[in-house]
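The values are calculated or read from the model by the stated rules, or taken from the named source; none is laboratory data. What you see is a predicted model; the values in this text were computed from it and never measured. So basically every Cβ, Gly included, is an ideal-geometry build from the backbone, and we count neighbours across all protein chains shown. Accessible surface is based on the protein model in full, side chains and every heavy atom, while ligands, DNA and RNA are left aside. Shrake-Rupley method; radii C 1.70, N 1.55, O 1.52, S 1.80 Å.
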Amino acid sequence: GIQVEQSPPDLILQEGANSTLRCNFSDSVNNLQWFHQNPWGQLINLFYIPSGTKQNGRLSATTVATERYSLLYISSSQTTDSGVYFCAVVKYSGGGADGLTFGKGTHLIIQP
Amino acid sequence: EADIYQTPRYLVIGTGKKITLECSQTMGHDKMYWYQQDPGMELHLIHYSYGVNSTEKGDLSSESTVSRIRTEHFPLTLESARPSHTSQYLCASSEYGRYGYTFGSGTRLTVV
């Protein structure tokens with residue numbers, strides 16, 4: 001199946017700093033999403049971005065489908081940005097499960 | 001805006017008990033999924049459904065079972081809970097994956 005690798009695995013930053021999270025995937029994909037999992041375990045959808053660039057406030061994401069990677073940018077970090085950021089992809093195969101395949105996540109800690 | 005609902009949010013139960021985790025969505029999505037996540041780890045697909053009366057096992061083997069009698073409802077059942085079932089269970093739905101996958105808030109299960 002498709003492999004998803006995220007980097008860095010852990011990141012500790014001071015409030016106000018900027019960061020870039022990376023997601024590499026091993027095959028072409030039909031869907032790519034970035035999620036934020038808060039300390040209570042809730043998975044919040046940040047971006048649906050199989051290709052191109054999107055922005056939402058302090059967050060933006062870019063997916064270069066031809067090179068099989070996606071980047072998530074967080075600017076002016078706040079303590080509420082802490083948590084785990086997951087990249088997840090799916091490749092439709094015409095049969096079998098088309099559930100998302102997740103990376104292991106980037107554990108982000110923003111210190112005040 | 002939660003369009004997919006999971007109950008209970010937290011559950012502590014004794015070994016050998018039968019439990020059902022509830023998942024309902026109001027978006028009319030045909031596809032629904034159950035994921036299992038151990039603390040600090042990635043999510044793994046354990047069950048999915050393409051519609052009413054359709055259920056399939058996912059990538060990760062699980063002793064749980066699911067049913068899909070109504071489009072909006074996709075419950076997960078453990079006939080005899082064991083400590084090894086302790087985990088977080090997240091439900092998701094999608095509309096042919098075109099607009100991404102939406103997740104519920106999850107059920108954190110502890111079997112003692």
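When only C-alpha pairs under 8 Å and at least 6 residues apart count, what is the relative contact order of chain B, in percent?
Normalised by residue count, the contact order of chain B is 36 percent.
Taking +1 at the Cβ of each Lys and Arg and -1 at the Cβ of each Asp and Glu, which of A:Ser60, A:Pro112, B:Leu43 sits farthest along the dipole of the protein assembly as shown towards its positive end, judged by Cα position relative to the Cα centre?
B:Leu43
Give the long-range amide H neighbours of A:Lys91: residues separated by 5 or more places, or on another chain, with amide H under 5 Å away, using H modelled in the peptide plane at 1.01 Å from N.
Answer set, sorted by chain and number: A:Asn30.
Would you please give the FRET efficiency between A:Asp27 and B:Val112, computed as 1/(1 + (r/R0)^6) with r the Cβ-Cβ distance and R0 = 41 Å, to the nearest 0.05?
The formula returns an efficiency of 0.50 here.
Can you compute 3J(HN,Hα) from phi for each residue in segment B:4-17, using the Karplus curve 6.51 cos²θ - 1.76 cosθ + 1.60 with θ = phi - 60°, rounded to whole Hz and x for Gly and Pro?
Karplus-based 3J(HN,Hα) across segment B:4-17 equals 10, 10, 10, 9, x, 6, 9, 8, 10, 9, x, 4, x, 6 Hz.
Ignoring ligands, DNA and RNA, what percent of the accessible area of segment B:4-111 is carbon or sulfur (1.4 Å)?
So the carbon and sulfur contribution to the accessible surface is 52 percent.
Please report how many Lys pairs in the protein assembly as shown have alpha carbons closer than 27 angstrom, counting only residues at least 8 apart along the chain or sitting on separate chains.
12
I need the Kirkwood Rh of the protein assembly as shown: take the reciprocal of the average 1/r across all distinct C-alpha pairs and report it in angstrom.
Radius from the Kirkwood sum: 18.0 Å.
Would you mind telling me the share, in percent, of accessible area of chain A contributed by carbon and sulfur at probe 1.4 angstrom?
49 percent
Return the equivalent ellipsoid semi-axes of chain A as a descending list in whole Å, where each equals the square root of 5 times an eigenvalue of the C-alpha gyration tensor.
Ellipsoid half-lengths, sorted descending, are 25, 14, 12 Å.
Give, in nm to one decimal, the length gained when the segment between A:Leu13 and A:Gln111 is fully stretched (0.36 nm per residue of separation minus the Cα-Cα distance).
Using 0.36 nm per residue and subtracting the Cα-Cα distance, I get 34.7 nm.
At 1.4 Å probe size, with no ligands or nucleic acids counted, give the accessible surface of B:Arg68 in Å², nearest ten.
Accessible area, nearest 10 Å²: 10 Å².
In nm, give the distance between the simple-model label positions of A:Tyr69 and B:Asp38, each being 7 Å from the Cα along the Cα-to-Cβ direction.
Inter-label distance under the simple model: 3.0 nm.
Return the equivalent ellipsoid semi-axes of segment B:1-45 as a descending list in whole Å, where each equals the square root of 5 times an eigenvalue of the C-alpha gyration tensor.
22, 16, 11
Pop out the ³J(HN,Hα) list for segment A:102-110 in order, Karplus 6.51 cos²θ - 1.76 cosθ + 1.60 with θ = phi - 60°, rounded to Hz; leave Gly and Pro as x.
Going residue by residue, I get 9, x, 7, x, 10, 8, 10, 10, 10 Hz, with x marking Gly and Pro.
Report the FRET efficiency, 1/(1 + (r/R0)^6), for A:Tyr92 and A:Thr53, where r is their Cβ-Cβ distance and R0 is 22 Å, rounded to 0.05.
0.45
Got a sec? What order do B:Ile69, A:Ile12 fall in by accessible area at 1.4 Å, biggest, i.e. largest, first?
B:Ile69, A:Ile12
Binned at 5 Å from 0, what are the whole-percent values of the Cα-Cα distance distribution for chain B, short to long?
Spelled out bin by bin, chain B gives 2, 13, 24, 27, 19, 10, 4, 1, 0 percent.
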